[in-house]
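A.B. asks: Submitted below is the structure of interest, expressed as structure tokens.
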Amino acid sequence: MAAAARVLTEGGLVAFPTETVYGLGTDATNPEAVARLYRAKGRPSFNPLISHVGDLEAARKIARFDATATVLAQAFWPGPLTLVLPKAANCAVAELATAGLETIAIRIPAHPLAREILRAFGRPVVAPSANLSGHVSPTTAAHVHSDLAGRIDLIVDGGPVEVGVESTIVGCLDALTLLRPGGLPREPIERVLGRQLLAPSTDGDHARPLAPGMLASHYAPRTPLRLDALDIEADEALLAFGPAPVLGAAGAAAVMNLSARGDLEEAAANLFGYLRELDARGASTIAVMPVPHHGLGEAINDRLRRAAVGRE
Ligand code: TXA
Ligand code: MG
């Protein structure tokens, strides 16, 4: 923890576990550090970052919370929820980290190591997922190492993460919008709000989309995906879900089951690791069985759809 805080103080890059996925952290208030982070990931700098803080008091120094934002923060923080809010007047977060937007994305993570690092460092930490831009997010320290070794200063290994998909992003601006389905399902958020989350408007400025990281190609493995597969061909790998057998599975190049008992939380936790493993098998295609759309299924299906679009 001391080493992590020291690297952050010196403007370096630290990968650390959060409950959702591993993040690549740097000092949010240091523009050179943020530039270094974009470079290490190979990420376009028009794509803004999430500022991670240790508590609500720290969050209020960088963003303006209205009554609704306060309700969501109190109900779900610390946890896998990111709020997009108006920036506070004296927000210390570097312009580069928010890509020049008037708004800022904030999250209080729940992972004990993330919380300790934030406490030891004492300033906001921007942390995108700790993968090369375009790869799936890392859910183990080994995933981080395979993408970023030699490009960053330190990896804090906290074992496999618990949730497995990135945080849910809710825009708390003029309207309440679900900008990215994620590790906190829509249903409990809507229950607390007493109303439905809207879909983000799509008629925005294309050079600066509302949630730029939601570009379709964001989560793509190299191997093409075939979604909603009910059968499988000889040279395909199979990403299964649930107990039902699949026609042709015995002849598949590889088979991994997200959750044989059909549990969506288990499936989310396994999703990115299994995609990485199947991607490494050299199959022609990864055939993916249907996954239900409720609860965490919304985030799982979102990531699968993006992975299927590929990097065309
Ligand atoms: O679970 C997570 O959220 C992980 C862990 C490390 O916290 N982080 C993560 O960060 O997924 P990243 O950078 O991979 O995704 C951040 C998303 C991007 O889609 C970005 O466009 C969006 O948040 N975002 C950031 N600031 C925004 C803003 N002001 N308005 C709209 N979207 C924003
Ligand atoms: Mg990411």
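The values are calculated or read from the model by the stated rules, or taken from the named source; none is laboratory data. Given the structure is predicted, the values throughout are model-derived calculations rather than measurements. As a convention, Cβ positions derive from the backbone with ideal geometry for all residues, glycine included, and neighbour counts pool all protein chains shown. In case anyone asks, the SASA skips ligands and DNA or RNA and just uses the protein heavy atoms, side chains included. Shrake-Rupley method; radii C 1.70, N 1.55, O 1.52, S 1.80 Å.
A.B. asks: Mean projection of the alpha-carbon convex hull of the range 101-155 over all orientations, in nm²?
C.D. replies: Details: hull surface 20.2 nm².
Across all orientations, the range 101-155 yields a mean hull projection of 5.1 nm².
A.B. asks: If the convex hull of the alpha-carbon atoms of the chain is projected onto planes in all directions, what is the mean projected area in square nanometres? Could you put the intermediate results ahead of the total?
C.D. replies: On the way: hull surface 61.0 nm².
Mean projected area for the chain: 15.2 nm², to one decimal.
A.B. asks: Continuing with the same structure: I'd like the accessible area for Ser45, computed on protein heavy atoms only with a 1.4 Å probe and all protein chains in place. Round to 10 Å², please.
C.D. replies: 60
A.B. asks: DSSP loop (so not H, G, I, E, B), at most 12 other Cβ within 10 Å: list which GluC sites (Glu not before Pro) in the range 1-57 pass both filters. Intermediate results must be reported in sequence, preceding the final value.
C.D. replies: On the way: sites: Glu10, Glu19, Glu32, Glu57; in loops: Glu10, Glu19.
Sparse-neighbourhood loop GluC sites (Glu not before Pro): Glu10.
A.B. asks: For every other residue with a beta carbon closer than 13 angstrom to the beta carbon of Leu85, add +1 if it is Lys or Arg and -1 if Asp or Glu, then tell me the sum. List each step's numbers first, then the result.
C.D. replies: On the way: positive: Arg60, Lys61, Arg64, Lys87, Arg107; negative: Asp66, Glu102, Asp174.
That works out to +2.
A.B. asks: Which log10 I(q)/I(0) values does the range 1-93 give at q = 0.11, 0.16, 0.22 Å⁻¹ under the Debye formula, counting every alpha carbon as one identical point scatterer?
C.D. replies: Values, matching the q order: -0.35, -0.76, -1.29.
A.B. asks: I would also like to ask the following. Any chance you could list P(r) for the range 1-155, counting all Cα-Cα pairs in 10 angstrom bins from zero, rounded to whole %?
C.D. replies: With 10 Å bins starting at 0, P(r) equals 12, 44, 36, 7, 0.
A.B. asks: For Ala75 and Leu247, what does the FRET efficiency come to when R0 = 45 Å and r is the distance between their Cβ atoms, rounded to the nearest 0.05?
C.D. replies: Working: r = 44 Å, r/R0 = 0.98.
After rounding to 0.05, the efficiency reads 0.55.
A.B. asks: Can you give the convex hull volume per residue for the Cα atoms of the range 15-68, as a whole number of Å³? Write down the numbers at each step before the final one.
C.D. replies: Values: hull volume 6.5 nm³, N = 54.
In the range 15-68, the Cα hull volume divided by residue count equals 121 Å³.
A.B. asks: Give me the net charge of Phe241's neighbourhood, meaning all other residues with Cβ under 12 Å from the Cβ of Phe241; Lys, Arg count +1, Asp, Glu -1. Before the final figure, lay out each step's value.
C.D. replies: Details: positive: Arg261; negative: Asp228, Asp263, Glu266.
Local charge sum for Phe241: -2.
A.B. asks: Let me check I've understood the local charge: for Phe76, count other residues with C-beta under 13 angstrom from its C-beta, Lys and Arg +1, Asp and Glu -1. What total comes out? Show your work: numbers first, answer last.
C.D. replies: Values: positive: Arg107, Arg186, Arg191; negative: Glu19, Glu187, Glu190.
Net charge in that neighbourhood comes out at 0.
A.B. asks: Need the C-alpha centroid separation for the range 247-272 versus the range 122-169, integer Å.
C.D. replies: 23
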